[in-house]
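The values are calculated or read from the model by the stated rules, or taken from the named source; none is laboratory data. Worth saying up front: this structure is predicted, and the values here are computed from it rather than measured. Counting neighbours? That spans all protein chains shown, and the Cβs are built from the backbone with ideal geometry, glycine included. To get the accessible areas, we keep the full protein, side chains included, count just its heavy atoms, and leave off ligands, DNA and RNA. Shrake-Rupley method; radii C 1.70, N 1.55, O 1.52, S 1.80 Å.
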Amino acid sequence: MNRVKKLQSFLGERPLAAVETDPRILRHQGRRDFLVFGAGALAALAGGGLLLPQDTLSRMGMRRRTDSSAKEWFLNKALRIDDDVAEALYSANRSVPTYSKSEITPLKNNYNGSTPDPAYVSGWNLSLGGLASGLSISLDIRSLLTRFSMHEQITRLVCVEGWSAIAWWAGLRFDELIRAYPPLSQAKWARVESSVNLDASGNPEPYFMSLDLATARHSQTLLATHFNGQPLTVDHGAPLRLLVPVKLGLKNVKAITKITYSAEEPRDYWAERGYSRYDGI
């Protein structure tokens, strides 16, 4: 019985210890928190006001006209902050979830423009530039498949349009290509190009994307050659596509034909059209 009472006493709720604080400190802390919250709320209201239509602003009694350049500046500033935060949070040790084959879902053909004619595949080569050797290297798909080990993974591809799909991929790790053909020592970026990309009318349209080398070296970043256990089809980027599970789908360039390393951030197709440049998830 005594043991039971002792156990109940041990597990019983204890009153919280009183903590005394100088009232002046509490008043100061309260004023500071209120001012910080108020400043943040005002900034959010002011920023949100920039995005409202002019008719709405007029009904609210705001006569000052906000031109499109001011709105664009505000949105670009917010986007840049978001990119900087995502980049700061990146960790080579953080991996996206992987799945089983029973969890695979359909993956649609989502080219930016028209799907290219399969005829280009027979003459395909991958060009590498910005190398420490000073050379320009050209590799065909057979060279890639025979020289590098293949790695499989089932990961989720997340599209900026709001949909996602779980897919089974295989290919060589981008990091292993970097080790085999080292870039310039000062290189921090890769420009990835897909010269076979076509616009909605079927006309050639250069497609290019920037990728930081830290992400390129991530263990889950693949240069994919296979999809669902079979060689890539043209719909999914044959014969080689970039797979970056820690980035949004628009960074996962299909039918890549050229990779160029550089110290400065290269141009990016979607960033030039108002999208994020980093696109981390």
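Counting the residues of segment 215-234 that are among the β-branched types (Val, Ile, Thr) and part of a loop (DSSP other than H, G, I, E, B) gives 2. Any residue that is among the hydrophobic types (A, V, I, L, M, F, W, C) and in contact (Cβ under 8 Å) with a residue 24 or more places away in the chain - is there at least one of those in segment 104-114? The answer is yes, given that some residue of segment 104-114 is among the hydrophobic types (A, V, I, L, M, F, W, C) and in contact (Cβ under 8 Å) with a residue 24 or more places away in the chain. Residue 275 meets the conditions (1) within 20 Å of residue 167 (Cα to Cα); (2) not in a strand (DSSP E or B); (3) not hydrophobic (A, V, I, L, M, F, W, C) in every case but one. The failed one is (1).
Screening residue 93 against (1) over 19 Å from residue 251 (Cα atoms); (2) at pLDDT 95 or above; (3) not in a helix (DSSP H, G or I) leaves a single unmet condition, (2).
Residue count for segment 152-167 satisfying the condition of being open to solvent by 60 Å² or more (accessible area, probe 1.4 Å) and not aliphatic (A, V, I, L, M): 4. Scoring residue 208 on the criteria (1) out of contact with any helix residue (DSSP H, G or I) (no Cβ under 7 Å at 6 or more places or on another chain); (2) outside any strand (DSSP E or B); (3) open to solvent by 10 Å² or more (accessible area, probe 1.4 Å) leaves a single failure, condition (2).
The condition of being under 24 Å from residue 100 (Cα atoms), open to solvent by 20 Å² or more (accessible area, probe 1.4 Å) and more than 24 Å from the chain's Cα centre (by Cα) holds for only one of 149, 122, 143, that being 149. The set of residues in segment 156-193 that are over 17 Å from residue 260 (Cα atoms) and part of a loop (DSSP other than H, G, I, E, B) comprises 159, 160, 161, 162, 163. Please indicate, with yes or no, whether at least one residue in segment 244-261 is modelled with pLDDT of 95 or more, among the aromatic types (Phe, Trp, Tyr) and either in a loop (DSSP other than H, G, I, E, B) or closer than 22 Å to residue 162 by Cα (or both). No, there is no match, as no residue in segment 244-261 is modelled with pLDDT of 95 or more, among the aromatic types (Phe, Trp, Tyr) and either in a loop (DSSP other than H, G, I, E, B) or closer than 22 Å to residue 162 by Cα (or both). Taking the criterion of being within 29 Å of residue 133 (Cβ to Cβ) and acidic (Asp, Glu), the residues of segment 252-281 that qualify are 264, 265, 268.
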